[in-house]
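J.: Below: one structure in structure tokens.
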Amino acid sequence: MAFADKEAIIQKFKINESDRGSAFVQIALLTERINYLVDHLKINKKDHHTRRGLLILVGRRKRLQKYLLRKDPEKYQELIKELKLKK
């Protein structure tokens, strides 16, 4: 993920002007990184170090999603629809 891509994701999902680390932004950035690693692992099937890192990122995103569901269920629904995630 290039720096320009990261900035575009932050601009798209930020809540206010100075937002850089809200749950929305973190989930969107993790999703982008997870998708990149999934594509990498399709090519490099034996890369077990990357697979472990991917599982850690998926767990982190799942915890953030649970937090967001507790705090703001409507925004959570919007976010998973926009990122095309499963519930």
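Please treat every number below as a calculation from the coordinates, not as lab data. Keep in mind the model is a prediction, meaning the values are calculated, not measured. Reconstructed Cβ throughout: ideal geometry from the backbone, glycine too, with neighbour counts over all protein chains shown.
This table checks each residue for (1) in contact with a Phe, Trp or Tyr (Cβ under 9 Å, 6 or more places away or on another chain); (2) surrounded by 16 or more Cβ atoms within 10 Å (Cβ to Cβ); (3) in contact (Cβ under 8 Å) with a residue 40 or more places away in the chain.
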| site | (1), (2), (3) |
| --- | --- |
| Asn16 | no, no, no |
| Ala28 | yes, yes, yes |
| Leu37 | no, yes, no |
| His40 | no, no, no |
| His49 | no, no, no |
| Gly53 | no, no, no |
| Arg61 | no, yes, no |
| Tyr67 | no, no, yes |
| Lys71 | no, no, yes |
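J.: Here is a follow-up. Inside the stretch 58-74, can you point out the residues that are among the basic types (Lys, Arg), more than 15 Å from the chain's Cα centre (by Cα) and closer than 14 Å to Phe13 by Cβ? I'd like the intermediate steps shown before the answer.
T.: Residues of the stretch 58-74 that are among the basic types (Lys, Arg), as a first pass: 60-63, 66, 70-71.
Then keep just the ones that are more than 15 Å from the chain's Cα centre (by Cα); that gives 70-71.
None; the set is empty.
J.: For the stretch 40-55, what are the residues that are in a helix (DSSP H, G or I) and not polar (S, T, N, Q)? Before you say what the answer is, go through the steps one by one.
T.: Just the residues of the stretch 40-55 that are in a helix (DSSP H, G or I), to begin with: 40-43, 48-55.
His40, Leu41, Lys42, Ile43, His48, His49, Arg51, Arg52, Gly53, Leu54, Leu55, listed by residue number.
J.: Hey, another quick one. Looking only at the stretch 1-14, filter to residues that are of a type in the set (Gly, Ala, Ser) and exposed (fewer than 11 other Cβ atoms within 10 Å of the Cβ); which one of those is nearest to Arg52 (Cα to Cα)? Can you show your working first?
T.: Just the residues of the stretch 1-14 that are of a type in the set (Gly, Ala, Ser), to begin with: 2, 4, 8.
Right, trim to exposed (fewer than 11 other Cβ atoms within 10 Å of the Cβ) and you get 2, 4.
Values: Ala2: 22, Ala4: 26 Å.
Top of the filtered list is Ala2.
Okay, residues lined up against (1) in a helix (DSSP H, G or I); (2) in contact with a helix residue (DSSP H, G or I) (Cβ under 7 Å, 6 or more places away or on another chain); (3) aliphatic (A, V, I, L, M):
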{"site": "Phe24", "(1), (2), (3)": "yes, yes, no"}
{"site": "Leu30", "(1), (2), (3)": "yes, yes, yes"}
{"site": "Arg61", "(1), (2), (3)": "yes, yes, no"}
{"site": "Glu74", "(1), (2), (3)": "yes, no, no"}
{"site": "Lys87", "(1), (2), (3)": "no, yes, no"}
